[in-house]
Amino acid sequence: MNPVDTAELTGLITGYYRETLGDDTLDAASDFFEAGGDSLAAFQIVGRLHELLDAEIAVALVFTYPSPAELAQVVVDDLALAPASA
């Protein structure tokens, strides 16, 4: 897995929100719940992050950190703390 930049990941997650929730007006500060997000959409977003990063991402993070910017920051922080695979 390549290191990921927070700003780059924020942009990607914003795109995932737009596609998954069907709203092109969403931005990095948009709230997942206010945009109509539900558990199915959260699983879809986490699935795409898993594919992108090849890392387990807890779906609960989408609910705890509902904006793309917040979610990206916590994912980058979590990945930085994860032990490197051999």
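The values are calculated or read from the model by the stated rules, or taken from the named source; none is laboratory data. This structure is a prediction, so every number in the text was calculated from the model and none was measured. Heads up, the Cβs are rebuilt from the backbone with ideal geometry, glycines too, and the neighbour counts pull from every protein chain shown. These area figures cover heavy atoms from the full protein model, side chains too; ligands, DNA and RNA do not enter into them. Shrake-Rupley method; radii C 1.70, N 1.55, O 1.52, S 1.80 Å.
A quick yes/no check of all residues on (1) farther than 15 Å from Leu9 by Cβ; (2) among the aliphatic types (A, V, I, L, M); (3) touching a Lys or Arg at 6+ places or on another chain (Cβ under 7 Å):
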site	(1), (2), (3)
Asp24	yes, no, yes
Ala28	no, yes, no
Asp31	yes, no, no
Ala35	yes, yes, no
His50	no, no, no
Ala60	yes, yes, no
Phe63	yes, no, no
Pro66	yes, no, no
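Of everything in the range 16-32, what is open to solvent by less than 70 Å² (accessible area, probe 1.4 Å), part of a helix (DSSP H, G or I) and farther than 23 Å from Ala80 by Cα? Give them in sequence order.
Tyr17, Thr20, Leu21
Within the range 34-74, which residues are at pLDDT below 95 and within 9 Å of the chain's Cα centre (by Cα)?
Matches in the range 34-74: Ile57 only.
If Ile45 meets every condition in (1) in contact with a helix residue (DSSP H, G or I) (Cβ under 9 Å, 6 or more places away or on another chain); (2) open to solvent by 60 Å² or more (accessible area, probe 1.4 Å) apart from one, which number is that one?
(2)
Could you grab me the full set of residues in the range 54-74 that are out of contact with any helix residue (DSSP H, G or I) (no Cβ under 7 Å at 6 or more places or on another chain), open to solvent by less than 20 Å² (accessible area, probe 1.4 Å) and not in a loop (DSSP other than H, G, I, E, B)?
Hits for the range 54-74: nothing passes.
All but one of (1) open to solvent by less than 20 Å² (accessible area, probe 1.4 Å); (2) among the aliphatic types (A, V, I, L, M); (3) in contact with a Phe, Trp or Tyr (Cβ under 9 Å, 6 or more places away or on another chain); (4) without any contact (Cβ under 8 Å) to a residue 60 or more places away in the chain hold for Ala35, so report the exception by its number.
(1)
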